[in-house]
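Quick notes on the structure that follows.
The values are calculated or read from the model by the stated rules, or taken from the named source; none is laboratory data. The structure displayed is predicted, hence computed values, not measured ones. In this analysis, Cβ positions are derived from the backbone assuming ideal geometry, glycine residues included, and neighbour counts consider all displayed protein chains. Quick note on the areas: whole protein, heavy atoms, side chains included, nothing else; ligands and nucleic acids left out. Shrake-Rupley method; radii C 1.70, N 1.55, O 1.52, S 1.80 Å.
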Amino acid sequence: MSNDIAQLYTQLEKIIHAGGNDVSKINTFCDRILAAHPNDIYALRCKGTVLLNQGKYEAALGTFTKLTNTKYQLTPEAKQAVHGDSISAEERQEDQIEVAFTIGYCLYRLARYDQVKVILLDIAKSVGGEENLPAQAANLLAQTYYNLEEYTGAVAVYERLLKNEDYRDEQEQEELANNLCAAYAALNADKAKA
């Protein structure tokens with residue numbers, strides 16, 4: 001059976017490295033790996049990513065949530081295919097943060113903003129505060145604050161992202177600036193009501 005799993009990983013890796021466009025094949029290989037190893041993080045992660053890219057946020061949420069309960073159980077074949085010989089504690093923490101962010105993103109797309117906030121603030125705590133959040137997580141936190149009508153929080157995060165030039169390109173910079181203007185407008189409208 002171990003040889004079969006190794007072959008499945010090899011085939012899965014080939015599809016992914018060839019562009020990963022054959023979603024049905026990726027799902028098939030992931031399902032076959034998961035049938036033998038239900039908590040395999042690599043197969044869960046691949047399957048969750050496919051579901052996320054298909055806009056199936058509830059299903060992706062379930063898959064990524066299962067990842068958080070696996071305690072990062074890698075089969076020997078997956079460990080070799082994905083990470084070489086071993087996974088350091090730092091890599092494991094980064095991976096856990098990425099999975100938590102992805103869960104937060106799924107929840108955001110499902111408009112469960114209170115839950116998103118809890119997850120993102122937990123990530124912030126693990127990295128030493130909101131100011132240390134990766135840009136993508138900080139941006140999602142700002143959008144979450146805005147949707148929860150916590151405009152002061154949204155303004156603070158957007159200002160920090162722009163001040164620190166924490167964006168990929170001019171288009172993202174413009175989007176952040178526009179979102180900052182919208183948060184200021186909403187904040188001023190709230191003040192005018194009071």
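Details
- Counted residues, segment 19-54 - those being at pLDDT below 90, outside any helix (DSSP H, G or I) and open to solvent by 20 Å² or more (accessible area, probe 1.4 Å): 7
- Considering Ala189, Ala177, Ala183, Ala156, the condition of being over 20 Å from the mean Cα position of the chain (by Cα) and modelled with pLDDT under 95 is satisfied by Ala189 alone.
- Any hit, segment 65-78, residues being in contact with a Leu (Cβ under 9 Å, 6 or more places away or on another chain), open to solvent by less than 30 Å² (accessible area, probe 1.4 Å) and at pLDDT 80 or above: yes
- Residues that are hydroxyl-bearing (Ser, Thr, Tyr) and farther than 21 Å from Tyr108 by Cα do occur in segment 171-184.
- Annotation: Asp85 fulfils all but one of (1) farther than 24 Å from Lys117 by Cα; (2) of a type in the set (Asp, Glu); (3) modelled with pLDDT of 90 or more; the unmet one is (3).
- Any hit, segment 95-107, residues being over 25 Å from Cys46 (Cα atoms) and polar (S, T, N, Q): no
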